[in-house]
Structures are given as C-alpha cells and as structure tokens.
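Engineer: This is the structure I want to talk about, given as structure tokens.
The values are calculated or read from the model by the stated rules, or taken from the named source; none is laboratory data. These figures come from a predicted structure and were not determined experimentally. Methodologically, a virtual Cβ is constructed for each residue, glycine included, from the backbone with ideal geometry; neighbour enumeration extends over all protein chains shown. To get the accessible areas, we keep the full protein, side chains included, count just its heavy atoms, and leave off ligands, DNA and RNA. Shrake-Rupley method; radii C 1.70, N 1.55, O 1.52, S 1.80 Å.
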Amino acid sequence: MSAVVVERVKAQFGSKVVETTSFRGDESIVVEPAAYYQVAKFLRDDPACDMSMFIDITAVDYPSRDARFELVLNLYSLHKAHRVRLKTRLFEAEQGEVADATRPTTVPTVSTLWAGANWFEREVWDMFGLKFEGHPDLRRLLLYEEFEGHPLRKDYSADKTQPLMPYRSGPDVLGKQRPFLGDEGMPFGRKDWAPRDASWSDDSLGDPEDAPPPDGTAPV
Amino acid sequence: MEPNDYDIDEADLELPTEPMRLNMGPSHPAMHGTIRMILELDGESVEKVDVQMGYLHRGFEKMCERGTWAQVFPYTDRLNYVSPILNNVGYALAVEKLCGITVPERCQYYRVLLGELSRAADHLTCNGAMAMELGAFTPFLWMMKAREHIWDLLEEETGARLTHSFFRIGGAAKPPTPNVKARALEVCDAVEAICRESEKLLLTNRIFLDRLQGIGTVSAAEAVQFGWTGPALRSTGIAYDVRKAHPYLVYDRMDFEVPVGHDGDNYDRYMVRWAELYQSLRIVRQCVEQMPDDGPVNVDAPELVLPPKEQVYGTIEGTIQHFKLVMEGPKVPKGEVYSFTEAGNGELGFFIVSDGTGTPYRVRVRPPSVFVLQGFPRMIRGHMIADIVPTFGSVNMIGGECDR
Amino acid sequence: MGEVRNTSGREAVRVEVTGSEVGFATTKFDALLGWARKWSLFQYPFVTACCGMEFMSLNGPRFDGLARFGAEAPRFSPRQADLLWVVGTISQKQAPALKRIYEQMCDPKYVVAFGTCASSGGFYDNYATTPGIDKIIPVDVYIPGCPPRPEAVIDALNLLQDKIARGDRTPGVVKPREDIVERQLVTLRKSATDLDYGPQRRSGEPPITLGRTSDPKEGER
Ligand code: SF4
C-alpha cells in the first residue's frame, strides 16, 4: 500500500533518491539533503501521496559514518492510511568551517509545511545539534540555554552533568557510594562510544576502607 | 460638567497600553505537571503564549542506549505514568515487530485487557484532575476511588500499583491469575457505577459547562496541521484511532465505537475522554468473554524470553540462557522499525534502531501529548487567563511523556 | 488527669486537673511548641512526576493520608507553608525553581523527599537529573520507593511528626514495613519437603492464616 508512495517519489525525483528500503512493512526513502525539502513538499501535496499528517522528526547518530547524522521524518496520510519514512544524511558542522556544498550540514525546515514540526526540529537541534534553515525560532526545547553540547550524540557521556545550581555540600549530603560507579547497570553489550565521566572513575572513590568522608561535590 | 481640555482629541486621552508579561510556572498549583508559560496579556485576555517545556526532561532516550533491550521497560513505565501498561505494550510491540514475532493469543487478550483498564484509569485521572482544577473536588475524589479499584486489579495481576514493567519482549512477566476474569468484571461494574454518579454531579453543572464550552476551540484542519492524535484529534470530528485504523493485537475482534466531537473545544475533549472510558470498559468485558483460559503466554523463543524459574534453578541450559539474557540482553536483529499504538493521549510511536547487539542503538518515542501542547498557544489566544486552567487540563500534558 | 506523650515514649505534656474548677499543665515550652506544630503542618506539594499519581491517591478517599494527621490544607504559596513535599524527579532545569521555593518558605520549614528520584535521582543517572534533592536543599525525611506506597508516606508523615516533637533535624529514612505474608511464605517454603521455586502465589496455593500484625511503629526508627 505504502509502496505506491515510494514509486511516486522515485518516478518524480529519480537520481535524487539515494536508496529505498522496505523492512517489516515499513517503507523508507533516503534522499539527498538538497532534495529533502522538495520531496517532503511533494509528499504532502501530491494527491496520490497526500501525507497530511506529520508524525515525527528525529535523528540518529552514527559516529563511524562519514555523513554522521541521519535525519528521519515519519509521515502519515490520514485519508489513504499509508506511512512512509523520509531520511537524509547530514555531516557534522565543524566550528568555523566554511560551508561546503559536498558536505551538507543543514536542511531547510519543514515547519512551514506542517506546523507540528516546529518543536520537534527544536528538539533535534537541542539533542543532536542539527540546524534547520529558515526555522522561525530555533531555541533549545528540553534543556536549558546554559547547557553545552548535545546529549544524544554518541560521544556525549550519559552521566556528564552540567548543573544549573551549585550543589550543596555538608555532612548530610552523600556522593555516590560503592559499588555504584558511572557505568552502573551497563551490560557487556554496551558500546563504548564515550569514555565515562572521568571524575567517577574507580580511583576517585579510593579504597573503601580509608575513603575520605564524602564531600558531596558532584562532577561538573 | 464639561471637561476643561475639550479641544484635546479623544484618541489622545487614551492611556498608552502595552501588553503585560506574566510568568506562569514552572510550579503552578493549577497545572498538573511542570511547565512554564510566558503570557502576553491585553487586560485579562491572552494574546500570546510562549510555552517552555523540558522541566521534567530525564534523558529517557539516552538511558535506553545504556542498558539492554529488556532494561528499557522500567523507563517506558514512567513515560505516560498514568497508563504505564499501554507504554509497556507499545514498546514490546515495537521490539517484537523488529524481531518478527507475534505473541500467543492469550497474551494478546491479556495485553488488551490490562491496557484498556489502564486507559480507563488514564481518562479518569485526566478528567478528575481537570474537574478539580475548576474547583469540583468531590468528583475528583470519586474518580480517585474508581481508579483505586482499577489499580487493585492491576496490582493483583502485576504486583505493582503504578510502575508495572509487566509486559515484556515476547509475552508477559507472569501468566494471568486464575481469577482475573471475575475480578475484571467486578472492577468494570464498580467503575461504571462511580462514573455514572459523578457524571450526574458534573455534567449538569452550569458553571462547569460554561467554563468548558466554546473555550479552546480548534478546527479539524488545524488539528491535523499540528499532528494531533488521540482524544484531542477526535474531539474535532476526525475519527482517527489507531485501534480502528491499523488494528494491532486483537482489537479487530473487539466491538467498540470511536467517539468523536465536533467543535474541538474543552467540553468536547472532556466528553470524548468520558465516552472512551465506557468504550474501554466495554472492550474489557469482551476480552473477558473471549480470552482463552489456558495456553502459553510467552512466545517459544528462548533467545528472547527468560526461561521459567524452575528451569533456571534446575537445568544447566536454563541457567546459561538466563545468564546470557540478563547480562548481554536479547539479541534483536539489525534494522529499524516504527511501531505505533493508541495510548491514552494518542498515537504513541516507538522508532527503534538496532545494530544487532543486546543494547538498543536508538530508541525514539513519539510523544503524543507534545503535539497537543504545541497547539496550546493557538487554543488559548483571545481567551481569558482563567481559561488557561481548563484548557491546559484538557490538553492532558503528562510530564514524563512530554519531556521524556 | 490526662497526659500527652510523644511517640518516642518520653513525657512531653502533662495535663492535671485536681478539682472541678482548677486546672494547670506543666511542660517544657519547646515540647509544647513541637506538639502544636506537628499537628498543624501546612503543606506545599511540589509535584513534578509519576510520584504525583501516588500523591493523588494518598489524598484520595481510601488512604486519606494527610488530613488524618492535621496536614490537609495545601498552601500554594510557599510563604504560607511549612512542609515542602518534593514529589518526583527534579531535573537540572527545575533545580533553581525548587531552591527558590524553599528559600521563600518561613522557618521552621520541613522537607520530605517523596520517592527515589527526589531522594537520590533514582535510576535516572544522567545529564538531565539532579542526583537527589539534598544536593539542592536540606531534607528531613526520605521516602524510598518508586513510587512509594501510600502506607510508606503515612509512615513518613508520622516519622516527621516525631522529629518535630523531638526537635530533631537529622535526616531520617522511612523503613520498610515488615511483610507478614512474605515471612510466613518463607517459613512455609522452609518446611516444605521439596523446594518449589515456582510462582507461589499464582497456582492453587494453600491458604495462609495471617498472624496478628505487629505494630509497624514498634521497633527503632
Ligand atoms: S521515584 Fe519512580 S515513580 Fe517517583 S518520580 Fe521517580 S521514577 Fe517516577
């Protein structure tokens, strides 16, 4: 059913379509970043596609790939009841790097096509640091402005905190106790993208026998 | 008396007005959940709202990438914490879709049964809290009483009042208890009786109706633009319900209706939830009739499902299998899927990516209540400050799901 | 003649009536103050997350856990409250708001950390969540549980009242109640000839006669 949409897009955009996959009934189309907006608009306006409803936009980080981020847009047609996933691959924006057309780092916003995309593009910016051209209000959505970095990138250590309030210290404030370390609860299968926060290393806790009294300071 | 300055133009006498800015939140008594709003007011009417969320951002998606596939379940409980079972089921279905397995029929009925009870509890809580914020405390207490009945049953079945983590990849943690059917019918009757009573208390109350009707109206076209789903979308007249449009589990065998409103105002959202509550109880009753009394609950897939405890302690294969599943996690095949179910607030989607190991590569949840919340500035524009309270109540923003 | 004892067993207030007209009471001023305070707590619920659902239930008809102990009226202005319930996860973004509310409350003020998240951050050990509100404000009573059952919260309130009466400001943790059923099951299992580790409660189990529930407040706190 949804395969119709894929065929329509292929016929319309031909060479701009990088690949299409169908897995467990989910159709997905990968397009070049330059064509991303046109394809999204086509999906919305073409009567055979009629993707009237915006479902979700998110990203996946693959640090090992050259084009590091995969932007994933899920769409749904309320009348035709088909779904499709539109994807595009983006490069990481380096600080001070001049824009390079062969390494696209941004795409145009689709919040002009679906009003619902507005906040979710903000979230992608917040969590992954991908920018959207022409977005009306690209602020952080979930985190605070003082936060540095983008936590859902694989190289952001999960337990690296950036407190807004300085932590109290005193005898009634306990830090982490043995045996709970930074990688507590992590199974063998976990991928070690990010080194765990250094301040919670085994050594910093010291020997449990002659441990200094917990001073309550937390990693910053 | 004649004014002294009669040659001054009437327009000049007007005081210069500029919009007043008011901060509401992040801890405001009339808002369940924590959210902050910067209001721009003209007198008492709201001109513009800047909704700032994220005060309950707990890093759900990051935490999922740390544990095994099975360790995600406790986190899903705390997404929409008013109906945890529905989240458990949603995530379990997503992983099962990626693995290409279907749970046995008995488990499917069991999931629907507990899930619908959970949905009833969700709608009870939402409507009760909304009534309480408008000052109707008695109906709130009654609905809490009804919810307590549902929670009793859930506790008997799952062992926890609120955070169940009960439905797992490939089945459930435990088979149904022998008296689940009888108890479910009892609970349905008790809840229905309480609901009928509290309906009489509220729905003929002039004040309550006046504060809901015609406030926060949204048209169907706008609702689709915002990506609304669930009761909020249905209140505008669009009968999109995942359970009907894309039936999963055994919903295609259930006979139920999808209630719709037509104005898309607070009253419609309230009434759609209220009507869905009765439909949920109806589905529960049908489940009781149709659910098989015996048969397996878990799929026969030792690489995904924990072996029974007798085997773990009694056989060496069981011990090894248990060890591998707990320490390395179930190996989910490589690939990515988007799976969606109807949760309390609308389409709850899980987009999951696996790289073939025991740890999720990426778990993305599509939170239905954020979409509704995103339409909030549109809903409240031109209304009074006091209307924020019922309108926000009808959005049913659940912090855990909204901010994740 | 009557007397009021606080739960620690020490005599706090003694009321003696020696004639129909004459009456006097002897007590220490602090004890009287503590006794009065502990029955008139005005609460500010700072409800953020899932624990709020249990907080609703606690106020609901079945448990009625606050009104019975003189802490019914919620005050939504921190200036009028002296008991701060921190119910649910406090994220880094929320922490300044919590601190500000705490600072607006008048002395003496008490803080209860409701649930694991408020006590220690729970299983949200990551960039977004504070590892317990004691990193931000001092805490009087911690309630473990995710979410804690209403019974545990009632225990916490009693514990806090004890502390107020004693003038004790060291942090306290609510202890789990003894599970009578579990204890009897263990005894049963021990006496059974073949050990069956299967789910005990699920299949036709023998009826368990319950002993008298020991007073949960007995024992050391
Ligand atoms: S302790 Fe558990 S139930 Fe309470 S807020 Fe934290 S996660 Fe939610």
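Engineer: Looking only at segment B:77-102, which residues are open to solvent by less than 10 Å² (accessible area, probe 1.4 Å) and out of contact with any Ser or Thr (no Cβ under 8 Å at 6 or more places or on another chain)?
Structural biologist: B:79, B:92, B:95
Engineer: Also, quick follow-up: What tally of residues in segment C:85-130 results from selecting those that are assigned to a strand (DSSP E or B) and closer than 20 Å to residue C:156 by Cβ?
Structural biologist: Residues flagged as assigned to a strand (DSSP E or B) and closer than 20 Å to residue C:156 by Cβ within segment C:85-130 amount to 8.
Engineer: Related question: Considering every residue within segment B:240-261, establish whether at least one is within 17 Å of the chain's Cα centre (by Cα) and hydroxyl-bearing (Ser, Thr, Tyr).
Structural biologist: The answer is yes, given that some residue of segment B:240-261 is within 17 Å of the chain's Cα centre (by Cα) and hydroxyl-bearing (Ser, Thr, Tyr).
Engineer: What residue, among those in segment C:92-126 that are among the β-branched types (Val, Ile, Thr) and touching a strand residue (DSSP E or B) at 6+ places or on another chain (Cβ under 7 Å), is nearest to the ligand (Cβ to nearest atom)?
Structural biologist: C:112
Engineer: Within segment A:130-153, take every residue that is surrounded by fewer than 18 Cβ atoms within 10 Å (Cβ to Cβ) and within 19 Å of residue A:60 (Cβ to Cβ) and give me the one that is farthest from the other protein chains (Cβ to nearest Cβ).
Structural biologist: A:131
Engineer: Within segment B:172-210, can you find the residues that are at pLDDT 85 or above, outside any helix (DSSP H, G or I) and either more than 14 Å from chain C (Cβ to nearest Cβ) or open to solvent by less than 10 Å² (accessible area, probe 1.4 Å) (or both)?
Structural biologist: The answer is B:172, and nothing else.
Engineer: Kindly provide the set of residues from segment B:348-398 that are touching a His at 6+ places or on another chain (Cβ under 9 Å) and either closer than 30 Å to residue A:87 by Cβ or among the aromatic types (Phe, Trp, Tyr) (or both), ordered by number.
Structural biologist: Hits for segment B:348-398 are B:392, B:397, B:398.
Engineer: Just need a number here: residues in segment B:384-404 that are more than 22 Å from residue B:215 (Cβ to Cβ) and open to solvent by 10 Å² or more (accessible area, probe 1.4 Å).
Structural biologist: Total meeting the criteria: 0.
Engineer: For residue C:181, all conditions in the list (1) more than 30 Å from residue C:36 (Cα to Cα); (2) within 16 Å of the ligand (Cβ to nearest atom) hold save one; what is the number of the exception?
Structural biologist: The single condition residue C:181 does not satisfy is (2).
Engineer: Could I ask something else about it? Just to check your reading of the model, which residue among B:292, B:377 is open to solvent by less than 50 Å² (accessible area, probe 1.4 Å) and more than 14 Å from chain A (Cβ to nearest Cβ)?
Structural biologist: Unique residue meeting the criteria: B:292.
Engineer: If a residue must be away from the ligand (no atom under 16 Å from the Cβ) and either facing chain C (nearest Cβ under 9 Å) or open to solvent by 10 Å² or more (accessible area, probe 1.4 Å) (or both), how many such residues does segment B:67-76 contain?
Structural biologist: 1
Engineer: So which residues in segment C:68-99 are within 9 Å of chain B (Cβ to nearest Cβ) and either in contact (Cβ under 8 Å) with a residue 60 or more places away in the chain or among the charged types (D, E, K, R) (or both)?
Structural biologist: The answer is C:93, and nothing else.
Engineer: Counting just the residues of segment B:126-162 that are among the small types (Gly, Ala, Ser) and open to solvent by 40 Å² or more (accessible area, probe 1.4 Å), which one comes out nearest to the other protein chains (Cβ to nearest Cβ)?
Structural biologist: B:159
Engineer: Looking only at segment C:83-90, decide whether some residue is open to solvent by 10 Å² or more (accessible area, probe 1.4 Å), under 29 Å from residue A:166 (Cβ atoms) and in contact with a Lys or Arg (Cβ under 9 Å, 6 or more places away or on another chain).
Structural biologist: Checked segment C:83-90: no residue is open to solvent by 10 Å² or more (accessible area, probe 1.4 Å), under 29 Å from residue A:166 (Cβ atoms) and in contact with a Lys or Arg (Cβ under 9 Å, 6 or more places away or on another chain).
Engineer: In segment B:137-183, which residue that is without any contact (Cβ under 8 Å) to a residue 40 or more places away in the chain, of a type outside the set (Lys, Arg) and within 16 Å of the ligand (Cβ to nearest atom) is nearest to residue B:126 (Cα to Cα)?
Structural biologist: B:151
Engineer: Another question, if that's okay. Looking at segment B:34-57 only, could you name the residues that are more than 14 Å from chain A (Cβ to nearest Cβ) and in contact (Cβ under 8 Å) with a residue 60 or more places away in the chain?
Structural biologist: Answer for segment B:34-57, where residues must be more than 14 Å from chain A (Cβ to nearest Cβ) and in contact (Cβ under 8 Å) with a residue 60 or more places away in the chain: B:37, B:39, B:41, B:44, B:45, B:46, B:47.
Engineer: Only one of C:89, C:129 is farther than 22 Å from residue C:162 by Cβ, within 16 Å of the ligand (Cβ to nearest atom) and within 20 Å of the chain's Cα centre (by Cα); which?
Structural biologist: C:89
Engineer: Take the conditions surrounded by 12 or more Cβ atoms within 10 Å (Cβ to Cβ), away from chain B (no Cβ under 14 Å), modelled with pLDDT of 55 or more and away from the ligand (no atom under 16 Å from the Cβ) and apply them to residue C:7. Does it pass?
Structural biologist: The answer is no for residue C:7.
Engineer: May I pose another question? Would you say residue A:5 is away from every other protein chain (no Cβ under 11 Å), touching a Phe, Trp or Tyr at 6+ places or on another chain (Cβ under 8 Å) and closer than 25 Å to residue B:98 by Cβ?
Structural biologist: Against the criterion (away from every other protein chain (no Cβ under 11 Å), touching a Phe, Trp or Tyr at 6+ places or on another chain (Cβ under 8 Å) and closer than 25 Å to residue B:98 by Cβ), residue A:5 does not qualify.
Engineer: Now for a separate question. Considering segment C:100-152 alone, what residues qualify as being more than 12 Å from chain B (Cβ to nearest Cβ), polar (S, T, N, Q) and in contact with a Ser or Thr (Cβ under 9 Å, 6 or more places away or on another chain)?
Structural biologist: Within segment C:100-152, none qualify.
Engineer: So, in segment B:321-372, exactly how many residues are among the small types (Gly, Ala, Ser) and part of a strand (DSSP E or B)?
Structural biologist: Within segment B:321-372, residues that are among the small types (Gly, Ala, Ser) and part of a strand (DSSP E or B) number 6.
Engineer: How many of the residues making up segment B:251-283 are without any contact (Cβ under 8 Å) to a residue 40 or more places away in the chain and of a type outside the set (A, V, I, L, M)?
Structural biologist: Looking only at that region, the number is 11.
Engineer: Would you check which residues across segment C:49-84 are closer than 18 Å to residue B:25 by Cβ, within 13 Å of the ligand (Cβ to nearest atom) and either in a helix (DSSP H, G or I) or modelled with pLDDT of 85 or more (or both) and list them?
Structural biologist: The one that is closer than 18 Å to residue B:25 by Cβ, within 13 Å of the ligand (Cβ to nearest atom) and either in a helix (DSSP H, G or I) or modelled with pLDDT of 85 or more (or both): C:52.
Engineer: Which residues, counting only those in segment C:31-46, are open to solvent by 10 Å² or more (accessible area, probe 1.4 Å), modelled with pLDDT under 85 and not in a loop (DSSP other than H, G, I, E, B)?
Structural biologist: Within segment C:31-46, C:31, C:32, C:33, C:35, C:36, C:37, C:38 qualify.
Engineer: Just give me the residues in segment C:139-174 being open to solvent by less than 50 Å² (accessible area, probe 1.4 Å) and within 16 Å of the ligand (Cβ to nearest atom), in sequence order.
Structural biologist: If the condition is that a residue be open to solvent by less than 50 Å² (accessible area, probe 1.4 Å) and within 16 Å of the ligand (Cβ to nearest atom), then C:139, C:141, C:142, C:143, C:145, C:147, C:148, C:150, C:152, C:153, C:156, C:174 are the ones that fit.
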